[in-house]
Amino acid sequence: MIYGIGTDLIEVERVHEKMNNEAFKTKLFTPQEIAYCESKKYKAQHYAARFAAKEAFFKAMGTGWYGQVSLQDVEIQHNENGRPIICLYNKAKDWFVEQKITHIHLSLSHLKSIAQAMVIIEK
């Protein structure tokens, strides 16, 4: 059963402008996400897609980002096949268990100027 659906779009340029600020970058992204994005030629596109995924996840939760769950508690990784996945920690993981969530689906897309993410949460 679908618990929630979330989607988000973001302009890559907006993210690119912020990525020179290390404090801002480390507030939004985990060390693993930063390492992944920094390894890419078009870093801002990958940062933007991850930010959109976090926003889409919060929308799918039905709460939006409300401050209880840190952006650091939601991490975008890839499985062994390269498929993007969401890993949850701390309060986000607690929410996952409390709500009896069974699966989180994630799709990412990015172009030169825009990044998009869609999240479907199943119960």
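The table below gives the values:
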item: Asp73 charged (D, E, K, R), more than 18 Å from Ser109 (Cβ to Cβ), in contact with a helix residue (DSSP H, G or I) (Cβ under 6 Å, 6 or more places away or on another chain) and surrounded by 13 or more Cβ atoms within 10 Å (Cβ to Cβ); result: yes
item: Residues (closer than 28 Å to Glu13 by Cα, β-branched (Val, Ile, Thr) and touching a Phe, Trp or Tyr at 6+ places or on another chain (Cβ under 9 Å)) located in the range 77-103; result: Ile86
item: Test set (1) of a type outside the set (Ser, Thr, Tyr); (2) outside any strand (DSSP E or B); (3) at pLDDT 95 or above - Ile10 fails condition number; result: (2)
item: Filtered residues of the range 86-109 (kept if loosely packed, with under 14 Cβ neighbours inside 10 Å and either within 18 Å of Tyr47 (Cβ to Cβ) or in contact with a strand residue (DSSP E or B) (Cβ under 6 Å, 6 or more places away or on another chain) (or both)); result: Thr102, His103, Ser109
item: Out of Tyr47, Tyr89, sole residue that is in contact with a Cys (Cβ under 8 Å, 6 or more places away or on another chain) and farther than 18 Å from Lys123 by Cα; result: Tyr47
item: Residue count for the range 10-48, restricted to those that are exposed (fewer than 12 other Cβ atoms within 10 Å of the Cβ) and small (Gly, Ala, Ser); result: 3
item: Any hit, the range 20-41, residues being more than 13 Å from the chain's Cα centre (by Cα), in a loop (DSSP other than H, G, I, E, B) and closer than 20 Å to Ile120 by Cα; result: no
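Listed here are the residues, each with its yes/no results for (1) farther than 22 Å from Met1 by Cα; (2) free of Cβ contacts under 8 Å to residues at least 12 places away in the same chain; (3) touching a Pro at 6+ places or on another chain (Cβ under 9 Å).
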residue	(1), (2), (3)
Gln32	yes, no, no
Lys43	yes, no, no
Ala48	yes, no, no
Gln77	yes, no, yes
Ala92	no, no, no
Phe96	no, yes, no
Thr102	no, no, no
Ile121	no, no, no
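The values are calculated or read from the model by the stated rules, or taken from the named source; none is laboratory data. Here the structure is a predicted model, which means the values were calculated and not measured. Positions of Cβ are generated from backbone atoms using ideal geometry, with glycine treated the same way; all protein chains shown enter the neighbour counts.
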